[in-house]
Amino acid sequence: MKNTMFKFAHMADIHIGAHKDKRLIDLEIESFNESIDICIKEGVKFIIIAGDFFHEPVPELEQVRKIIKKLIELSELNIPVYVVYGSHDKWGSGETIIELLEAAKLIIKIYNPKTVDGKIRLEMHQDKETGVKLAGIPGKRGGLEIHIFERLDREHLENQDGLKIFVFHSGIEELKPDFLKNAMDMKCIPINLFPKGFDYYAGGHIHKRDEFNIQNYQNIIFPGPSFIGHGWKDYADVSKGEKRGFYIVSCENNKIIDNGIKFIEMNKIEGKFIEFDDVTGKRAKQVNEEINKKLEEEDVDNKLVTIRIFGELLSGNKADIDTSAIRKLLTNKNAIAPQINDRKVTTKEVRKIRMSSEDKLEIEEELFKESIINIKPESHSLQNEKGIIMAKELLKILKKSPKDSSGKNSTALQNKITKSSIEILGISEIMEE
Amino acid sequence: MNNKEIDFVGQVISGDVAGILIREKNVGKNIELGDLLIIDEDDNNSVLLKVFDLSFGSQISPSNMELAAGLSLEGMGDEIGFYESNLRNYTLANAKAIIKITKEGIKIPKVLPKFFSKIRYATKEDLQFISKPPEDPVYLGNIRSGSKVLDDVPVYLNGTDFFTHHVLIPATTGRGKSNLVKTMLWSVLKLGKFGVLVLDAHDEYYGRHELGLKDHQNAKEKLRYYSSDAPVGSNTLLINIRTIAPEHFEGIVNFTEAQKQAIWLFSNTFRETWIERIVLSDVGEFEGLVQDTTLAVLQRKLRTSLGIYQKDGEIICDNPVFSLQGGESTLDGITGHLQDGKIVIIDTSKLADQTELLIGSMIASKVFYRYRASKGKGQLIDNCPISIIIEEAPRVLSNDQLQEAGENIYSTIAREGRKFKVGLIAITQLTSLIPKIILSNLNTKIILGNEMSAERRAIIDCAAQDLSEEDRTIGSLDKGEAIVSSVFTKFAIPIYTPLFEDIARRESKKDNKDDYELKLD
């Protein structure tokens, strides 16, 4: 037993590089820096980042530079940062910023697998100062980390003594939150594939703060994103006032103390969620006027604003709702990165187009799902869930602009897009030939 | 066919539409109860008959027979025998013409076969019209003639018809009910087009420690198993009590009118936390709204059915399935799997009877109302048909239960489910307890052996075909033997369901290795 009293921090889903809005980019870095400052002030002995530190394997280097600066500060204070990959940190087999940070000894990856008798044995990493043992499993795209869990040598981990932390970046089937109840193709891990008896299960991937204690598995903690996250739902949640942050956990005598798991709220951004639910039976022009009038009255200054419009227009087209004008108005009133969701607006003419989802990613997924059923691809890898996952990943890559920050086409970026696409399609060998 | 080449077993000697009397050929032939026989007619048509009764026939007068037996028994006529015995003593079989097989297809026979027609056993060729698989075939077994199984004549029913029009499996213990259901579900796993919910009270379908549905090569994709002590890799059954709605108790737990009103009051006021609020309520807290005695009884009933109670102001949940933490999306997950054409097995072997029914009610409600809503939106066509297997069906479908506790989701599904592609497979030893109106909605009956005559009568009364002559046959059905009576078959088909273990051994996945190429980096 080493240090008898100590604290550690647990954060996840930081998603550095997820935002395009300049103010959000700055706030994101500020938020990260502040959370690290809090950790230092609280005297934590180590920090766990349970996946999706970055939004993509190689984000904008300007943001990475700022992150590195803070990590160096931690390094100088001998506060190690333990990391597992999240599903955004690494796609395919390309280089990642995580690897570079590890090479620079600024972070420590705690996924150390080896195959023993057909099982995957994880070597635990022991924190030098506290003696805490950590093991982790990275998140993979499409929940493919389940194959690691299925072959995991749980007994080896369960037999380890001392204070143990298991770090993961996955949903847990039995603990899947309500908002994911219809996400059938989101692969989650059955709880009994996790090693039992750890003192703390440091989770990531689920963008909702939650704490669980169930038989054989104590302190399963999901901090949710430490800043906003990404995607419509995260923006909406923060706009509605959902608190973001991370955990600081106090330990004594090789145990987590009672009530020692504390959520640290990061109040970096204020939000405003505005809903227009009364467009039914109105013409688009009238709706535009009413929205503008209401927004004129709203205080949106320096707030993350999310607007949701839904109902059935009396006539015209959904496109007649002038979202550009709404966005402009909000921007003029100093709103931050206004998000407008009018996907639930229908008109009588287009009502027959069915789309149950309102999240862009979910809509894409539903369209892929329908297309795969219609096209009936012959290749096994393009069928069912595998096909959907591949299509989603490919679309994500192809959405990227091949232009650099000066607006010019960049060969390096084009090559990166091509290379990533080839990797996703799994045709590297064919292309080499 | 040349008559000389045919191995005849008997000849029509008399009878009427209700029963054709056949004299059995004596040498080497033994017509059995349930045998399928054929009369070939002149125009290449044939008539299929099924034997429902056997008796002795003799040309010797009864008094002479009695005398002959007496002489033999009293040791006075060891040498006594019958002159041309094969000719004079014989078996008479009573058979019913069940269908006429013509080039155009099969028909119900409207005329008697020709008098004195010769009769042979039915062959694979005669029964080709049965063995041709329909669309999305669900395998039930092989056709059986008496106790002889025609291994190469499998019996299938169209999956959509079969599942959505409800099934009754009347069976007493030890007659092969589990084997039949497992075999049927094995073929469903091949199709992957039907969602089947199995509330497995004996934990016998998944095959936790032996061969089971888990061994099917499509199991990974198309089978989900939930248990309160799930084996590694399957799902732990955990249901958040906040996902329980008052209607889930309907017809499962008996509540008085006052108790029902109290439940609705709590549900409307406290929404999804209604159970917690009832459990945590103190005496007098809702004075004027709910009587203390009513509240106390409700607390007791919730403790019995959910294992939930309060201690020192804290909610305690004794039941391993119901929880205050986690399990928020379990019901939706299960419903989604079913909708996706998967078989979902819920191991209820360690749960109390009422808990099992409650869980079944929760899932069945979710499925039924989701599908009903889909129909309203015109989306039902995209949904896989779903069937719910309920063992000891009278627990929820008996006259007494429906009168005492009122209608429940199972009776609703039995009446209306077909419209929404939701079916029931009701398994019971006591068919007579289920109301006729419900029995008449269960359009396929797979009748296994039953020694109780009152139960046989109830089964015969509700069968899709006239089985009035089959009483003795049903009583004599051996393990694995069954009769399929369905509105989707022209006649009641005798089947034999092979041993599930044999099928599973033959067809189970050859290689248990995961085909995913795992990179450890």
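No value in this document is a laboratory result; all are computed from the given coordinates. Since the structure is predicted, the reported quantities are computational estimates derived from the model, not experimental observations. Here the Cβ is made from the backbone with ideal geometry for all residues, glycine too, and neighbour counts use every protein chain on show.
When all alpha carbon pairs of the stretch B:62-102 are counted in 5 Å bins from zero, the resulting P(r) reads 5, 17, 16, 18, 11, 7, 7, 5, 6, 5, 2, 0 %.
Dividing the radius of gyration of the alpha carbons in the stretch B:54-184 by their Kirkwood radius gives 1.15 for Rg/Rh.
The angle separating the long axis of helix A:411-425 from the principal Cα axis of greatest extent in chain A is about 80 degrees.
Take each residue in B:233-243, count the other chain C-beta atoms within 10 Å of its C-beta, and the mean is 4. Distance from the Cα centroid of the stretch B:233-288 to that of the stretch B:305-369 is 14 Å (rounded to whole angstrom).
Rule-of-thumb check for the stretch B:312-435: C-alpha Rg over 2.2 N^0.38 Å?
1.15
Size of the stretch A:35-123 from its Cα atoms: along the principal axes, largest to smallest, the extents are 45, 29, 19 Å. For the stretch A:195-320, the extents of the C-alpha atoms along the principal axes are 67, 30, 19 Å, listed from largest to smallest. Modelled label positions at B:A258 and B:I13, each set 7 Å beyond Cα in the direction of Cβ, lie 7.5 nm from each other.
Karplus-based coupling profile of the stretch B:16-22, in residue order and whole Hz: 8, 4, 6, x, 9, 8, 10, with θ = phi - 60° in 6.51 cos²θ - 1.76 cosθ + 1.60 and x standing for Gly or Pro. The Cβ shell under 10 Å around A:K181 holds other residues with a net charge of -2, Lys and Arg each +1, Asp and Glu each -1. Semi-axes of the equivalent ellipsoid for the protein assembly as shown, computed as √(5λ) from the eigenvalues of its C-alpha gyration tensor and ordered from largest down, come to 66, 31, 30 Å. For the stretch B:369-500, the share of DSSP beta bridges that are antiparallel, to the nearest 5, is 65%. With 0.36 nm allotted per residue and the present C-alpha distance subtracted, the A:T418-A:N182 stretch has 81.6 nm of extension available.
Compared with the dominant Cα axis of chain B, that is its longest principal axis, helix B:292-306 is turned about 50°.
Each part gets one Cα centre, and for the stretch A:97-132 versus the stretch B:414-466 those centres are 61 Å apart. By the beta-carbon count within 10 Å of each Cβ, the least crowded to most crowded order of A:T347, A:T130, B:T330, fewest first, is A:T347, A:T130, B:T330. If R0 is taken as 41 Å, the Cβ-Cβ distance between B:E285 and A:N78 corresponds to a FRET efficiency of 0.15.
For chain A, the Kirkwood radius over C-alpha pairs fed into Stokes-Einstein at 20 °C and 1.002 mPa s yields D = 91 µm² per second.
Shielding value for A:144-156 is 2, the average number of Cβ atoms from other chains within 10 Å of each residue's Cβ. Residues A:E95, A:E393 in ascending order of nearby Cβ atoms (within 10 Å, fewest first): A:E95, A:E393.
With K and R counted +1 and D and E -1, the other residues having a Cβ less than 15 Å from that of B:L238 yield a net charge of -4.
Between B:I38, B:I345, B:Y225, the Cα set farthest toward the positive side of the dipole of chain B (charges on each charged residue's Cβ, about the Cα centre) is that of B:I38.
For helix B:330-339, report the angle its Cα long axis makes with the longest principal axis of the Cα atoms of chain B; keep it between 0 and 90° and round to the nearest 10°. Helix B:330-339 and the main axis of chain B meet at about 40 degrees. The B:H209 and A:Q126 beta-carbon pair, evaluated with R₀ = 30 Å, returns a calculated FRET efficiency of approximately 0.20. Each of B:H165, A:H230 has some number of other Cβ atoms within 10 Å of its Cβ, and from fewest to most they run A:H230, B:H165. Taking Cβ atoms as reference points and 15 Å as the exclusive limit, the residues near B:T102 contribute a net charge of -2, counting Lys and Arg as +1 and Asp and Glu as -1. P(r) tail for chain B: Cα pairs beyond 31 Å make up 55% of the total.
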